[in-house]
Every structure is written in C-alpha cells, then in structure tokens.
1. Given that compact globular proteins tend to follow 2.2 N^0.38 Å, what is the ratio of the alpha-carbon Rg of the protein assembly as shown to that value?
2. Near the axis that takes chain B to chain C, which B residue has its beta carbon closest, and at how many Å?
3. What is the average number of partner chain Cβ atoms found within 10 Å of a Cβ in A:205-218?
4. I'd like the FRET efficiency for A:D27 and C:I139, computed as 1/(1 + (r/R0)^6) with the beta carbon distance as r and R0 of 41 Å, rounded to 0.05.
5. If each residue's Cβ is checked for other Cβ atoms within 10 Å, how do B:W12, A:W159, A:W99 rank with the fewest at the top?
6. Most exposed first by the Cβ proxy, i.e. fewest other Cβ within 10 Å, how do A:L212, A:L110 rank?
7. In peptide B:136-149, how many Cβ atoms from other protein chains are near each Cβ within 10 Å, on average?
8. Can you tell me which of A:N100, A:N161, A:N189 moves the most in a GNM of chain A? Springs connect C-alpha atoms under 10 Å apart.
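Laboratory data are not the source of any read-out in this text; all were calculated from the coordinates shown. These figures come from a predicted structure and were not determined experimentally. Virtual Cβ from ideal backbone geometry, glycine too; neighbours counted across all protein chains shown.
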Amino acid sequence: MADTYVLVHGAWHTGELMEPVARHLRDRGHTVHCPTLAGNRPGDDRRTTGLTDAVASLVDYLETQDLKDVRLMGHSYGGMVISQVADQVPSRIRRLVYWNAFVPLDGESLNDLVPPHYVALFDGIAAANDGAVMLPYPIWREAFINDADAALAEKTYGWLNPHPNKTFVDKARLSTPLAAMNLGKSYINCQQDTALPHSLPWHPRLSERLGLFRLVECAGSHELCFTDPERLADAIERAGRD
Amino acid sequence: MADTYVLVHGAWHTGELMEPVARHLRDRGHTVHCPTLAGNRPGDDRRTTGLTDAVASLVDYLETQDLKDVRLMGHSYGGMVISQVADQVPSRIRRLVYWNAFVPLDGESLNDLVPPHYVALFDGIAAANDGAVMLPYPIWREAFINDADAALAEKTYGWLNPHPNKTFVDKARLSTPLAAMNLGKSYINCQQDTALPHSLPWHPRLSERLGLFRLVECAGSHELCFTDPERLADAIERAGRD
Amino acid sequence: MADTYVLVHGAWHTGELMEPVARHLRDRGHTVHCPTLAGNRPGDDRRTTGLTDAVASLVDYLETQDLKDVRLMGHSYGGMVISQVADQVPSRIRRLVYWNAFVPLDGESLNDLVPPHYVALFDGIAAANDGAVMLPYPIWREAFINDADAALAEKTYGWLNPHPNKTFVDKARLSTPLAAMNLGKSYINCQQDTALPHSLPWHPRLSERLGLFRLVECAGSHELCFTDPERLADAIERAGRD
C-alpha cells in the first residue's frame, strides 16, 4: 500500500534530519515529505517567529504541494504544530501520528506541558540569546539521546539549530479538542524517552488526550531518528497505516 | 515437562479462537484444553446468561474431564471466571495465570473495573440488542488489536460473537481474597494492551491484587492470540511453569 | 574503549556471583572488579555489620587497588553503598550506575524505601536468626527471579548468603544530595523487576532522585545477572560509557 507521509520534526531539528527515516519508508513504497517549519530554517528570525508562523508554514506546504490523505506525523514540539494544522485543514489529513509529541488543549503552550525547571532553563537561555534556545549538551546526551554512544551524541548535537523560544510560549488554538476530531490518531511512544521525565510522561498523560487512539511502542530514546531510523520507520508505518 | 493447561477466552471470543495458541503449547509437550464458556456458545441466551453460569460451565468442564494440577489461564473477562473457579475447586488447580485479565475482589463486577465510558457504551448497546453487546469496530481496531494490520483486524473482528452484558454487571463471589489463596499465581502483561487505558491499567493496578505473583511481560496488544500466537504461547509457558 | 568497572552486588549476593557478567564486559575490553562487601563475606558477623562497614569496605577496596575513573555500578542494596562511597571518594569515580538499586537521601535507610510488609518480614526473620535475614524461597522465585525456570531459581537460591539486617536499618549519610553530585549518573531498569512492586517502583520513583541521569532499560527480572548475564553486561556498558 503506497501511502503519503509528512514527517514534522521537533524543536532544534530540521526536515532534512528526518531523511534517513524517510528513506526507509520510501523503500516500503510510500511517498514521504520532510518539510522544515518556519523558525528552524537558516534565515528565520528566532526573536519573532512564533507558533502561528510554524503552523502556517506547514499548512502552506500541504496546500502548495496539494497533499491529500496525509499521514501527518509530528515529533515532540511538532505535536503542537500538527494538532493545529489538523484543526485548520482536516480534509487533507487521514491520520495524525504523534511520536513522543505534545498534545495540547486549546489555550495551552508547550511550556505548560513540561517540568518548570525546563521552562526556567529555556527562558534564561533565550534571554541571553535574542530569543533563541539551544539545548545544553549534557541534557542532550543524557536525557534526549541516551541510547547513543558518545560519538553519535556529539555528531548529532552539531546538526541542531537554535530554536525560537516564542514557539514554546505561544498558546495553541484549537476550535475542536483533539479527542473530538474525526481523524485517525496514533501515538508512538519510545520506551526510554526521558526528554520528559517518566514521572510526568508523554504516555499516557498526553496520548490519552487524543480520545480513541492507537498505541505503538518500541525501544529507544527521544532521538530514535538518529539512533535507529529503520526501527522508527517501522513504528511510523504501524502507526500510520489504516 | 508435560503440563496441563486450560485456556479461558475473554468476552466476544470462544475457546476455538485460542487453538492457534494451544497448538504452540502442544508442540512443547503440554496438554491443552480450550473450552468455551456459557454465554459465548452458539445457542446461549445472551439476555439471561450471567457470570454464575459462565463460572459453572468451567467448573463443570474441569470436573467432567477430571482435570488436575491445572494451569488455568484466563484472558480479560476470563479473569472474572477463573478467579471464582479457583475459589470453588481449588484442589484441581496448580497455578492461576491472568493474561491482561480482571482480578476481582468479592462483590465486584467487571464493570466496576473499567472506565465509566465503557460501561455507558456497553449498556447502551445491550439495551438495543436484547442484552447482547458487540464491540464497535473502531475500538477493536485501535484499542484492542492495535498491533495488527487492517486486514487482520477486519478478519478477526468477523470471528467475534455477541457477548451477554449480564456477565459484565454480575458481581464476583469469592470466599477468600485471591491474595490469600494458596495457589501459584502469574500475571501476563502485554505491554501495548490499551483495552484498558494505561492511566487505569491492568498492571500493576489489578495484578497486585494477587498478592505474591509472578510477572511475565511481552510486546503486544490485547489480542496477541491473533497477532502472534507463538509469542503468547511462550509467555504462557513462562507464566505457567513451576 | 577500555574502561574500569566495579560491580557491587546486592543483598544476599557476593562479588563472585557477578563474575559471569564481568566476563562479558572483559570480553569487550574492559577491566572489571567484583568485590564482596563487608557483611556478605564468609566470616562476617551478621549481628554487628552495618551499612557503615559495607561502605568502608568498598572505599578501602578502591583505595587499596588505587582505582580511578571508575564506572561504579551498584545493584539493589548496592545502591545504598555506592551512593555513600561516591560522597566519600568522588575523585575516584567517573560515573555511578544504578541497576534497580536504591537511591537514598541523607538520613534514609533501605527500609525507608521498601513496602512495610517487607520490613516486617525481614525484622521477624532477623530476630529469629541473630540479625541475619534470608529471603524466603517463594519470594525469590516469584518476585526476584521471575524470568528463570524452576531449576535455575533453585540452583541460584542455593548460592545466596544470609544478609545482615542492620544494613537495612542503618541510615545513609550523604554530605551532598546525589542530584547535586557532579558525576555521570545512569540508571538501568530491568522492566520485569518486581522485587519492588510496580506500584512503588524503582524507576522513576528512585531513579529521578539522581537529577540529570541516563536511563537504560532491558527486559528481565531483578536477577538478570543469573538469567541473562550477557544482556546485563550490554546494559551496563550502555549505561557506563561516556
């Protein structure tokens, strides 16, 4: 079955970094797009780009490419974006797939869903860097890419880009709660993902906001796209298929 | 070691549907029985058959076949049944094995152990169908057999039978709490089983009611009997052995 | 990369019982030590040996062997010991690795971190045995080594030694909370470890006391050192590497 996937990256990432995953999905016969959201592109202004801009850039991508029956996957911060895109252009989307991703209620920001010490950390870094947040390396190595060796952790850290803090502060706008949206919904939970502490977890805390949804799990960290892109592609296919 | 297993199906299922699992256990040298409980047999009256009838039908089976040293496994709703059978004929049973199954206290019904929205859904369906409940396909596909592809989800849905709602409403009667029963006890938890939401989980919420018990886990949904019967047979053997 | 590991056993165990794990780590090029703590050696007085003695015996081992850049792993009760050793000789340690191990706060005993029924059980056994606790076999078989067959469960039970209850009662002394210690920290969680009930779990309840830490998980019981030493060695290396 040849399906259409759009893979939406998380904070600090770009669409290009999802390409190794995309290749495995293409090998299985699917069409895969990996756009980069406004805010994470080379020239974007990290001071002013907000959540609305990121959402608009993805809506624009779907419309420009005239994509239909899309299996729309969002990773981490990308969940904030795909949720609102689904609210705005539901007719283009067949199924939402959240991969350890935020599932907002109307009026919630990403910062409302993470531990307070992360908010304080990000706000402090952004204040010193014209609104751009970079993730400190020790957090990356221990809590985000815990399943990599040091060489891979360091190499991939070099691929990240400064992220506009405004997208963490801006509130999601949803005309319909996700649980009430009449779309297929899946949640991929990487079992060793500690980007959020397991005392304040992705699943089931955020996943169950989807109402009826399909759970797919596999071993791996928050950065399985780097540590085992084939395993992630397999999980995406099990989550995205009808 | 050639052991005797009795595999008790869940709601909407029959003993015949456990046969693929039984075959793998027989290949390992065991004797395996897969009876169908009263309430799920072709001619059974779905309006009047209750939990007591289901329990009596299993007691009758064990006695008619004169089974001893039984490793008695119950799946899901089957946990309501094996718990009471163990209370009534403990001398025939060597070990109870719960596979994502309900573990009642005296006086509790299955409906006391599931989310309220399931009770409302089942009651509504039963009211419109002479007391028989059929599980809506979207719930089956997303929350029960989330690890299948669409073809397998559809095929297996066709094998289910309408279930008497009275067995969900009737209260379990136990003279001794399961934690105090002097029998071996094991709990098999399929890690992606979302038939109960993970915020109101099978394990450890229900499993720990067994007192001292052996935990066995494996990947899979609530319907691993269909999606990977060999993996389930392996888990049953690890749970059921001395 | 050739690293130096010190593997610290849990209650009832000795260093010798970690040797099968150590061999797999040595096969990967590492230097591995498996000392036996005071309290678990043949001649040790189970009435009087306490937590301070166990800690002192490990500090002494590190100093006598003049070990540096140590990846110091503690299993279960061993977590009480390595935590205090890290507080006393931090300059010798590169990373702490907890394998389903206790992570105390200053002033807490092991008994403060386990279910009350375990404390009552251990105190009763110790009172009848001159301060020495032996774990009852049914608990060992069902809750500690649930992934073994009966033959392995029985054989390994025979290898255990009576443990001084005083080490469970004595309070840990830490000048700095572990979360504030400037050392690498990892937590290995065996997913089917029910030595602590999953309603009062090792992870994240105790692991998150480490502050920023690296989570490594694998399938297995509390006694993976006996049921699959190679899998444990692999987890230790993923937890212990930089």
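1. Computed over Cα atoms of the protein assembly as shown, the ratio equals 1.01.
2. For the rotation taking chain B to chain C, the closest Cβ gives B:Q191, 5.
3. Average per residue, whole number: 4.
4. Calculated value: 0.25.
5. Listed from fewest to most nearby Cβ atoms, that is A:W159, B:W12, A:W99.
6. Placing the least packed residue first, the sequence is A:L212, A:L110.
7. Mean shielding by partner chains, rounded to a whole number: 3.
8. The residue with the greatest mean-square fluctuation here is A:N161.
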